[in-house]
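Student: Handing you this structure, nothing more for now.
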Amino acid sequence: MKKQMRNSIVAIAAASIFGAGAAMADEEAELVINGEIEIVTKTAAPAHLSDALDEVMSGWRFRADLTQEMQMDDFDNPGMLWVETGLDSWVAAEGTEGKSCADCHGAAEEMAGVKAVYPKWNEDAGEVRTLQMQMNDCRTNRMGAEAWGYDKSPAINMEALLASVSRGMPVNVAIDGPGQSTWEAGRELYYTRTGQLDLSCASCHEANYGNMIRADHLSQGQINGFPTYRLKNTKLNGVHSRFKGCIRDTRAHTYSPGSAEFIALEMYVASRGNGLSIEGPSVRN
Amino acid sequence: MASGVKPRVKVPKTAAAGDTVTLKTLISHKMESGQRKDGDGNLIPRSIINRFTCDFNGKSVIDVTLESAISTNPYFEFDAIVDAAGDFKFTWYDDDGDVYETTKSIKVA
């Protein structure tokens with residue numbers, strides 16, 4: 001309660017300096033892509049977050065109008081260029097088996113809904129797998145091709161393709177069952193302070209979302225929009241690479257993309273967005 | 001042909017006669033400026049799209065000269081007045097002599 005009061009005082013002070021939210025995005029705007037895919041960018045928080053948040057919000061809501069508009073039309077969304085590249089590799093036969101993704105899975109649209117449930121428990125492997133790990137399992141075991149580097153372009157492009165066909169579907173990551181211990185490890189990381197600045201994920205994205213971090217609005221750190229096209233580096237960015245950037249900014253040594261820690265963190269952070277729509281490739285600053 | 005070049009255009013399918021329509025075009029192209037050097041210090045030769053045109057039923061809508069400071073994947077958005085049904089023809093001219101063309105037709109309702 002005390003924390004909430006402090007936040008509202010900060011918000012009032014900011015409003016009086018900058019005028020009535022001049023720098024803020026339109027709070028009531030709704031995201032509809034290509035005039036047809038309706039995206040849920042704000043909804044009730046999933047049950048496991050009931051102590052921390054009432055509502056979960058997509059990062060789209062925290063961005064400026066012009067950035068928001070770029071995501072409303074695939075032609076204006078630069079991330080869609082890499083989706084096309086991903087589609088090229090979807091149908092390209094590779095490896096010793098001479099098979100493409102399409103040979104087993106059919107059209108990319110057949111994969112609608114897959115992105116929404118990852119990371120998830122894989123019974124055969126006895127581990128929680130991210131979508132990229134599953135892609136590489138296909139590549140090495142079924143195609144006889146080389147695994148893609150974690151968060152490297154080919155993997156990100158494919159992830160963007162699979163996200164794009166699931167757009168509008170709710171994130172639905174299972175947090176119970178055999179994957180629960182991984183999920184709990186991810187939660188532990190989320191609330192663990194790191195680095196010289198002694199910040200946890202929650203310090204910014206739970207306690208201070210909506211406030212300014214230098215010239216930018218802090219979001220809730222939701223990952224329903226990944227892979228994300230960022231205006232700052234003009235390319236698609238993977239979740240693990242983004243985690244790395246955040247942890248680096250706390251002035252800590254970071255984990256590597258694809259590490260067990262980041263897999264657990266991805267699972268936990270994804271589950272914080274259960275109920276929001278998949279919107280990747282999203283556009284952010 | 002420079003690799004990975006793919007033109008994209010967005011034209012409304014229909015318009016009323018006399019309407020002003022917005023056209024959007026984007027071509028994926030690396031637009032190598034000719035100013036950069038590779039790891040060994042050698043100049044990377046210039047390779048850009050140097051001209052972009054759009055015609056409507058043979059009449060020029062826009063004719064653009066592109067210079068080397070224009071970024072990767074050049075994007076153009078512009079308006080045209082549609083007086084009758086017809087075809088928009090978009091043409092990009094590459095430094096290496098290649099020409100990329102796309103045509104989109106528009107109906108008048």
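Student: For region A:47-79, name all the residues that are within 14 Å of another protein chain (Cβ to nearest Cβ) and either within 23 Å of A:Gly221 (Cβ to Cβ) or in contact with a helix residue (DSSP H, G or I) (Cβ under 7 Å, 6 or more places away or on another chain) (or both).
Tutor: Within region A:47-79, A:Leu66, A:Glu69, A:Met70, A:Met72, A:Asp74, A:Asp76, A:Asn77, A:Pro78, A:Gly79 meet the criteria.
Student: Need a quick list: strands (runs of 3 or more DSSP E) entirely within region B:1-100 having at least 2 residues that are basic (Lys, Arg) and either more than 14 Å from every other protein chain (Cβ to nearest Cβ) or touching a strand residue (DSSP E or B) at 6+ places or on another chain (Cβ under 6 Å) (or both).
Tutor: Here the list reads B:6-10.
Student: Suppose we filter region A:230-285 for residues that are assigned to a helix (DSSP H, G or I) and open to solvent by 30 Å² or more (accessible area, probe 1.4 Å); how many remain?
Tutor: Result for region A:230-285: 8.
Student: Then there is this: Among residues belonging to region A:130-148 that are free of Cβ contacts under 8 Å to residues at least 40 places away in the same chain and not in a helix (DSSP H, G or I), point out the one that is least open to solvent (accessible area, probe 1.4 Å).
Tutor: Of everything passing the filter in region A:130-148, A:Trp148 is least open to solvent (accessible area, probe 1.4 Å).
Student: Ok, one more. Among the residues of region A:97-129, count how many are of a type in the set (Lys, Arg) and part of a helix (DSSP H, G or I).
Tutor: Going through region A:97-129 one residue at a time, the tally reaches 1.
Student: Could you check, for region B:76-90, whether at least one of its residues is open to solvent by 80 Å² or more (accessible area, probe 1.4 Å), in contact (Cβ under 8 Å) with a residue 60 or more places away in the chain and of a type in the set (D, E, K, R)?
Tutor: So far as region B:76-90 goes, yes, one or more of its residues are open to solvent by 80 Å² or more (accessible area, probe 1.4 Å), in contact (Cβ under 8 Å) with a residue 60 or more places away in the chain and of a type in the set (D, E, K, R).
Student: So, one more: Go through region A:31-87 and give me each residue that's without any contact (Cβ under 8 Å) to a residue 12 or more places away in the chain, open to solvent by 50 Å² or more (accessible area, probe 1.4 Å) and hydrophobic (A, V, I, L, M, F, W, C).
Tutor: Once the filter is applied, which keeps residues that are without any contact (Cβ under 8 Å) to a residue 12 or more places away in the chain, open to solvent by 50 Å² or more (accessible area, probe 1.4 Å) and hydrophobic (A, V, I, L, M, F, W, C), region A:31-87 yields A:Ala47, A:Leu66.
The values are calculated or read from the model by the stated rules, or taken from the named source; none is laboratory data. Predicted model, so just to flag it, every value in this text is computed and none were measured. Note: ideal-geometry Cβ built from the backbone for every residue, glycine included; neighbour counts use all protein chains shown. What goes into the accessible areas is simple: the full protein's heavy atoms, side chains included, and nothing from ligands, DNA or RNA. Shrake-Rupley method; radii C 1.70, N 1.55, O 1.52, S 1.80 Å.
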